[in-house]
Amino acid sequence: MNIDLKGLKIAIIGGNSPCKQILKILLGPAIKELDLKVLAVADTLTQAGGIQYARDKGIFTTSDYEELCRLSGIDVILKLKNDEILSCMLEKVNKEHVSIIDLDAYRAISFLNFLKAEEEKIKIKRRIGADKIQKKEISDLFDQFSRRVQKNAEEETRFLKHEREDLLEVEKELSQIIQGSMIPTFIINNEHILTHWNRACEELTGHNAYELVGTDRQWVPFRSAKRPTMADVIVGGMSKKEVSTYYGSSWRKSGLINEAYEAEEFFPHLGDGGKWIFFTAAPIKSPDGKVIGAIETLKDITEDKKAQEELELQDKELSTLYEKYKTSEEKYRSLFNNNPNPIFIIDLQTLEILDINHRVEEEYRYSKTQLLGSSFLDIGDKSDETIKEGLKGLAKNKAILFTKKKHYKKDRTSFFVNLKVVNATYSHRDVLIASATDITESVEKETQLIQAGKLATLGTMAAGMAHEINQPLNVIQICSDLILKMIKKGIRIPDDELVTMANDIIDNVARAAGVIKHVRDFARQSERDLKKLLLNDPINDVFKVLGHQLTVHSIKVKLDLDPDIPQIRAEHNRLEQVFINLVTNAIDSMDEKAEKEGSPIDKILQIKTYAEGGWVVAVVSDTGLGMTAEVKRKIFEPFFTTKETGKGTGLGTSISFGIIKDYGGTIDIQSEYGKGATFTIKFPAIG
């Protein structure tokens with residue numbers, strides 16, 4: 001962590017122990033010459049140590065976070081608390097003028113060590129600048145500072161080591177959770193090899209884990225011939241057309257989990273007489289967004305299907321009774337109110353609620369008078385446009401099923417329902433009749449299981465994380481050893497070199513912390529969250545990953561990123577994945593052209609962004625080998641690749657195409673064989 005503190009106006013959120021320690025340094029005499037100011041400290045716990053210390057020092061304190069966010073003149077907010085409500089408030093802060101530094105447990109330690117090092121540097125510089133200082137005293141000062149730096153590094157290294165040990169322990173526990181789960185579950189890696197097949201799966205299918213784990217034969221319990229499971233569909237990044245080839249109309253995207261698929265199918269080979277299975281598959285991703293596997297859960301719904309058939313038969317009988325006795329309001333009302341599911345009668349044009357049965361009052365906690373005349377959309381998720389569009393377009397005597405939709409009770413408690421709606425006639429007018437079935441318990445179980453499987457894969461990532469952490473640790477070790485050797489030999493270390501080495505240590509500690517944060521973020525349960533962002537940001541982040549590779553391949557990069565382009569709505573990590581794919585393909589293409597020509601070529605990668613007619617445009621071009629017409633035609637097909645066997649999966653461009661389409665964007669290719677390629681990507685601009 002390296003921050004220029006000079007002249008900063010700082011506010012702190014969170015008055016816990018680190019707050020008091022930070023304040024003691026910021027308000028201490030050692031760094032007074034930096035002319036920084038602490039404007040305010042906020043915490044709902046008004047007796048916290050940091051709050052009391054700030055109050056004693058005459059600093060403005062408050063228990064209202066919004067009041068702090070409204071203060072003018074703040075340059076930096078140090079966030080020492082992790083609170084969802086607080087995060088929402090900080091979203092409103094003007095990020096162009098105010099930097100927000102999120103200090104979790106590790107980053108708080110790192111920041112305190114940074115302040116202590118700054119304090120030490122200022123003291124040393126002040127003493128060196130004094131008259132009549134002895135050479136030995138200078139050496140002692142440098143020795144003192146090097147011990148401070150080494151102590152900081154050792155403290156943070158110990159913290160990182162404990163964090164890694166905790167992650168390995170979590171992976172072990174979660175693997176046990178998967179194995180002990182009562183829900184049949186299996187996991188495959190990105191090479192379609194089965195890695196987990198729990199005991200519940202063994203009981204459901206009759207196939208033991210030792211027969212299948214380590215092979216790609218996860219299809220065997222379900223099929224008489226080889227065919228992709230839904231987990232294979234996820235890992236293979238298949239298109240909708242390909243999925244439909246295998247699953248017809250029985251599959252759909254999950255309404256609950258991003259990038260997950262679900263389906264139900266009858267398997268005659270399972271059990272006696274076959275079984276109906278509902279299955280859900282979701283991707284497992286690494287911190288950089290790459291699919292490293294998939295988890296699939298199975299549920300035996302044979303009994304549910306039988307019950308559904310019986311219910312449909314009952315519905316048919318009820319419908320017959322309704323036709324027979326439709327002139328009798330009393331008999332109709334009895335059938336209506338005694339239906340086991342909540343039923344709404346809705347105006348076809350306005351979607352206002354015209355009538356409800358008693359079950360609605362029991363489950364939604366509203367009285368009949370409170371609901372009549374209100375919009376049916378008000379009891380659901382108003383941001384979900386699919387229900388409104390589906391109801392408005394429903395033809396006469398046709399029905400539609402909405403699965404896993406969120407509804408709210410009177411107290412705004414949320415729950416999930418399957419919603420079946422039919423366009424019918426009621427009291428001589430065209431209406432919609434909607435029946436809601438509460439499925440909250442099954443939805444919660446599916447979500448928890450998929451999250452547990454996602455976390456279980458952290459063990460697979462452990463070796464990679466260790467490598468990523470070892471690199472910055474090596475830099476820290478080298479710098480520390482060099483400082484000690486020079487001091488022991490009595491060699492005076494120039495001030496600027498000492499600062500450079502200290503900054504190297506601080507930067508690499510921050511890099512290691514970033515790796516840990518990536519793993520933590522991966523382990524957290526998350527939902528898809530589209531946010532406003534500048535297209536330039538994920539493009540710039542690509543060069544943090546590929547900058548060294550571009551240098552090694554002697555590629556000249558020309559960036560022309562318009563700083564004034566409008567924002568778009570997307571996800572940063574997924575867009576970064578798109579541009580990483582385009583840049584790596586460009587590197588391979590230029591290397592291939594140089595190899596074919598047998599002589600050096602001008603390797604130039606150009607990326608340009610600009611706004612045009614309501615669109616934000618990114619143009620990526622290279623001086624590589626280019627494409628033939630046949631390659632251009634197939635470039636977005638999954639598994640199509642022009643690279644040698646083993647050097648490409650043929651999925652990168654296909655996945656990138658899917659991501660771009662997901663955000664309402666387009667991609668166009670201009671290329672001629674031997675003359676490079678240009679990719680033009682457009683996204684809708686937002687105000």
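Apply the Karplus parameterisation 6.51 cos²θ - 1.76 cosθ + 1.60, with θ equal to phi minus 60°, to every residue of region 176-183 and state each ³J(HN,Hα) to the nearest whole Hz, in sequence, with x for glycine and proline.
5, 4, 4, 5, x, 5, 7, 9
Given the pairs LYS392/LYS634; LYS121/LYS489; LYS409/LYS532; LYS6/LYS485; LYS531/LYS661; LYS532/LYS608, which are separated by over 27 angstrom at their Cα positions?
Violating the 27 Å limit, Cα to Cα: LYS392/LYS634; LYS409/LYS532; LYS6/LYS485.
Would you kindly state how much longer the chain becomes between VAL220 and LEU372 on full extension, computed as 0.36 nm times their sequence separation minus their alpha carbon distance, in nm to one decimal?
Residue separation times 0.36 nm, minus the Cα-Cα distance, leaves 49.4 nm.
Quick one: net charge around LYS24, please, counting Lys, Arg +1 and Asp, Glu -1 for every other residue with C-beta under 11 Å from its C-beta.
Net charge around LYS24: +2.
Farthest toward the dipole's positive end in region 531-684, which of ALA570, GLY613, ASN536, given Cβ charges of +1 (Lys, Arg) and -1 (Asp, Glu) about the Cα centre?
Towards the positive end, the residue furthest out is ALA570.
Once the Cβ-Cβ distance between LYS392 and GLU362 is put in as r, and R0 is 45 Å, what FRET efficiency do you end up with, to the nearest 0.05?
0.95
For the peptides 582-590, 476-484, what is the packing order when you average, over each peptide's residues, the other Cβ atoms within 10 Å and list the highest mean first?
With the highest mean Cβ count within 10 Å placed first, the list reads 582-590, 476-484.
Quote the convex hull volume per residue of region 181-300, based on C-alpha atoms, as a whole number of Å³.
109 Å³
Could you compute the net charge surrounding ARG412? Neighbours are other residues with a C-beta less than 14 Å from the C-beta of ARG412; K and R count +1, D and E count -1.
Around ARG412, the charge tally is +2.
For labels at LYS290 and ASP381 in the simple 7 Å Cα→Cβ model, what's the distance in nm?
So the label points at LYS290 and ASP381 sit 3.1 nm apart.
Could you name the lysines whose alpha carbon sits less than 26 Å from that of LYS305, not counting residues in the same chain fewer than 8 places away?
LYS253, LYS275, LYS316, LYS398, LYS404, LYS405, LYS406, LYS420, LYS445
So what J values fall out for region 294-301 if you push phi through Karplus, 6.51 cos²θ - 1.76 cosθ + 1.60 with θ = phi - 60°, rounded to Hz, Gly and Pro as x?
8, 10, 10, 10, 10, 9, 6, 10
Determine the dipole magnitude for region 531-684: charges of +1 sit on the beta-carbon of Lys and Arg, -1 on that of Asp and Glu, nothing else is charged, the reference point is the Cα centre, and the result goes in debye to the nearest 20.
For this selection, approximately 220 debye.
Non-local amide H neighbours of TYR426 (under 5 Å, H modeled in plane, Pro and chain starts lacking H): which ones?
Placed amide hydrogens put VAL431 under 5 Å from TYR426.
Once you have the Cα-Cα distance between HIS428 and ASP315, take 0.36 nm times their residue separation minus that, and quote the gain in nm to one decimal.
Residue separation times 0.36 nm, minus the Cα-Cα distance, leaves 38.6 nm.
Report Rg(Cα)/(2.2 N^0.38 Å) for region 531-684, keeping two decimals.
The value comes to 1.01.
Along the Cα-to-C-beta direction of GLU203, a point sits 7 Å from the Cα; which residues of region 270-304 have their amide N less than 11 Å from that point?
Zone members listed by number: none at all.
Once both labels are modelled 7 Å past Cα along the beta-carbon direction, what's the ASP64-GLU592 spacing in nm?
My value for the distance between the label points is 6.3 nm.
Can you compute the FRET efficiency between LYS123 and LYS488 using 1/(1 + (r/R0)^6), with r the Cβ-Cβ distance and R0 = 25 Å? Round to the nearest 0.05.
0.60
Just add up the charged neighbours of ALA611: K/R +1, D/E -1, any other residue whose Cβ is under 11 Å from the Cβ of ALA611.
-2
The numbers here are math on the coordinates, done by the rules we state, and not lab data. Not measured: the values here are computed from a predicted model. All Cβ positions, even for glycine, are placed from backbone atoms using ideal geometry, and neighbour counts span all protein chains on display.
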